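Reading through the structure tokens given below for one structure.
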Amino acid sequence: MTIGRAVLFDLDGVLIDSEPAHFAATRAALEDLGLGTLDEADYARWMLGRPDHSALAEYLAARGLPADALPALLQRKATRYAERFAADVRPLADGVETLRAAHAAGLTVGIVSGALASEIVWATERLGIGGLIAVVVSGDEVICGKPDPEPYLLAARRLGLEPGACIAVEDAPAGVSAARAAGMRCLAVDRQGWKKRLAAADLVVTRLSWEALSRLLEG
């Protein structure tokens with residue numbers, strides 16, 4: 001294995017503020033298919049920080065809704081999110097600045113997200129960071145998404161690095177659990193007032209910065 005350091009960023013809630021758009025798109029998709037309504041508490045419980053496939057499958061099961069609705073629901077949700085992306089999704093400056101600083105410092109940077117590959121492409125193009133990203137792992141190319149460690153382990157393998165040479169940057173409990181289970185250190189940004197739920201991270205901050213990331217790099 002190559003010896004080095006990589007910083008792997010989650011996307012939603014770390015680099016872009018997309019959760020309101022994801023919530024609205026998921027709620028609209030459920031209503032479009034006659035599967036009821038979705039409130040913010042259920043969205044946070046079942047879907048925040050998790051890939052759509054597993055999150056929506058578990059939600060349907062918990063609500064006693066037909067499992068065979070999942071393919072249509074996933075397609076409809078993706079369509080609804082695409083409709084909202086340009087107008088409703090905004091960059092998170094602290095996350096983007098931290099990624100750029102990590103790259104400028106000579107670190108390998110990547111994105112490990114439960115988002116679809118197409119959604120990651122839209123985001124990196126909008127943020128102007130596509131040329132900085134050495135590895136991408138999306139939610140539609142893993143069997144088990146976060147909180148399972150598979151996405152982070154796949155990113156490390158693609159980079160030829162041991163997981164311990166990587167730092168994950170997350171904002172949700174599922175992502176922190178995935179990073180820690182993969183054997184990576186984790187910097188968590190508390191966007192939701194969830195400090196206690198993010199406590200498994202090595203460091204929790206309210207704003208991302210190169211200074212915070214450096215504390216883990218030096219540890």
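Does the range 200-208 contain any residue that is within 14 Å of the chain's Cα centre (by Cα), over 21 Å from residue 52 (Cα atoms) and not hydroxyl-bearing (Ser, Thr, Tyr)? Within the range 200-208, none of the residues are within 14 Å of the chain's Cα centre (by Cα), over 21 Å from residue 52 (Cα atoms) and not hydroxyl-bearing (Ser, Thr, Tyr).
Test residue 156 against the criterion of being assigned to a helix (DSSP H, G or I), in contact with a Cys (Cβ under 6 Å, 6 or more places away or on another chain) and either of a type in the set (Asp, Glu) or crowded, with 20+ Cβ neighbours inside 10 Å (or both), and give yes or no. Yes, satisfied.
Note on the range 43-61: residues that are touching a residue at least 40 places away in the same chain (Cβ under 8 Å) and assigned to a loop (DSSP other than H, G, I, E, B) amount to 4. Among the residues making up the range 84-120, a single one is farther than 23 Å from residue 179 by Cβ and of a type in the set (Val, Ile, Thr): 89.
The single condition among (1) outside the structural domain of residue 115 (by TED's automatic domain parsing); (2) closer than 30 Å to residue 211 by Cβ; (3) of a type in the set (D, E, K, R) that residue 58 does not satisfy is (2). Out of all the residues in the range 196-213, which are of a type in the set (Gly, Ala, Ser) and not in a helix (DSSP H, G or I)? Listed by number, the residues that qualify are 199, 200, 201, 209. Filtering the range 165-196 to residues that are among the basic types (Lys, Arg) and surrounded by 16 or more Cβ atoms within 10 Å (Cβ to Cβ) leaves 180, 185, 191. Looking for something at pLDDT 95 or above and among the charged types (D, E, K, R) - is there at least one such residue anywhere in the range 97-120? Looking through the range 97-120, at least one residue is at pLDDT 95 or above and among the charged types (D, E, K, R). Only one entry in 148, 190 is touching a strand residue (DSSP E or B) at 6+ places or on another chain (Cβ under 8 Å) and among the acidic types (Asp, Glu), namely 190.
Of note, residue 64 satisfies the criterion of being outside the structural domain of residue 137 (by TED's automatic domain parsing) and either more than 21 Å from the chain's Cα centre (by Cα) or in contact (Cβ under 8 Å) with a residue 24 or more places away in the chain (or both).
The values are calculated or read from the model by the stated rules, or taken from the named source; none is laboratory data. Keep in mind that what you see is a predicted model, and the values were worked out from it rather than measured. So basically every Cβ, Gly included, is an ideal-geometry build from the backbone, and we count neighbours across all protein chains shown.
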